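Q: Below is a structure I'd like to ask you about.
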């Protein structure tokens, strides 16, 4: 007679990893905007908000070092924190870059709601550490921070100076330019 053997299968354990959500993909819609059809939909904003929550969670995990660590462990934790800090900063830069694009799209749409959305995105960018900068009239154009989109001819003004700021620029707190300011300049004929 054969003895019955009892076999049990164990499922492999899933690795637990704390990862932030993937960045939201840019979406297009059918509204008429000046930059090719991108607009700020509630799904885009919700995805970016989820991304920000994930990044804040990662930052919280990074900042908590063990209390009873040896010198070697402390050095390893510091090295990991630096690497993860760089990763989080780069990801935040990408999120802010997407928010700037959405903000500029919303500002280009004619209507009352678009202005409100642009103001909310300005506040969100400010909370994330983005710095808004405006071009000043009669400043010389700096190609690192300005994009010329319009030229005017005025003999009373010097050549190559800003006549009008058309759209603000944005930079990260570390000085990385996210979006250049859009300007109109004077060209002497």
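The values are calculated or read from the model by the stated rules, or taken from the named source; none is laboratory data. Since the structure is predicted, the reported quantities are computational estimates derived from the model, not experimental observations. Heads up, the Cβs are rebuilt from the backbone with ideal geometry, glycines too, and the neighbour counts pull from every protein chain shown.
Q: Taking residue 150 as meeting all but one of (1) part of a loop (DSSP other than H, G, I, E, B); (2) touching a strand residue (DSSP E or B) at 6+ places or on another chain (Cβ under 6 Å); (3) surrounded by fewer than 18 Cβ atoms within 10 Å (Cβ to Cβ), write down the number of the exception.
A: (1)
Q: Taking the condition out of contact with any helix residue (DSSP H, G or I) (no Cβ under 8 Å at 6 or more places or on another chain) and modelled with pLDDT of 80 or more, does residue 82 pass? Spell out how you get there, then give the answer.
A: Working: out of contact with any helix residue (DSSP H, G or I) (no Cβ under 8 Å at 6 or more places or on another chain): yes; modelled with pLDDT of 80 or more: yes.
Spelling it out, residue 82 is indeed out of contact with any helix residue (DSSP H, G or I) (no Cβ under 8 Å at 6 or more places or on another chain) and modelled with pLDDT of 80 or more.
Q: Between a first residue in the stretch 122-133 that is farther than 15 Å from residue 167 by Cβ and a second residue that is part of a loop (DSSP other than H, G, I, E, B), which pairs have beta carbons less than 6 Å apart while being 6 or more apart in sequence or on different chains?
A: Short answer, once both residue conditions are applied: 129/173.
Q: Sticking with this structure for a sec: (1) in a loop (DSSP other than H, G, I, E, B); (2) over 29 Å from residue 90 (Cα atoms); (3) modelled with pLDDT of 90 or more: which one isn't true of residue 163, the others all being true?
A: (1)
Q: Further question: Quick check on residue 153: is it in the same structural domain as residue 57 (by TED's automatic domain parsing) and free of Cβ contacts under 8 Å to residues at least 40 places away in the same chain? Give the derivation first.
A: Numbers: in the same structural domain as residue 57 (by TED's automatic domain parsing): no; free of Cβ contacts under 8 Å to residues at least 40 places away in the same chain: yes.
Against the criterion (in the same structural domain as residue 57 (by TED's automatic domain parsing) and free of Cβ contacts under 8 Å to residues at least 40 places away in the same chain), residue 153 does not qualify.
Q: Report every pair of residues separated by at least 6 positions or lying on different chains whose Cβ atoms are under 9 Å apart, first residue within the stretch 70-94 and more than 13 Å from residue 59 (Cβ to Cβ) and not assigned by TED's automatic domain parsing to the domain that holds residue 177, second modelled with pLDDT of 85 or more and surrounded by 15 or more Cβ atoms within 10 Å (Cβ to Cβ).
A: 93/172; 93/178
Q: Report, by residue number, each residue of the stretch 79-111 that is loosely packed, with under 12 Cβ neighbours inside 10 Å and in a helix (DSSP H, G or I).
A: Filtering the stretch 79-111 down to residues loosely packed, with under 12 Cβ neighbours inside 10 Å leaves 79, 82-83, 86, 90, 110-111.
79, 82, 83, 86, 90, listed by residue number.
Q: Here is a further query. Could you list, in sequence order, the residues of the stretch 132-145 that are under 16 Å from residue 176 (Cβ atoms) and surrounded by 11 or more Cβ atoms within 10 Å (Cβ to Cβ)?
A: Of everything in the stretch 132-145, those that are under 16 Å from residue 176 (Cβ atoms) and surrounded by 11 or more Cβ atoms within 10 Å (Cβ to Cβ) turn out to be 132, 133, 142, 145.
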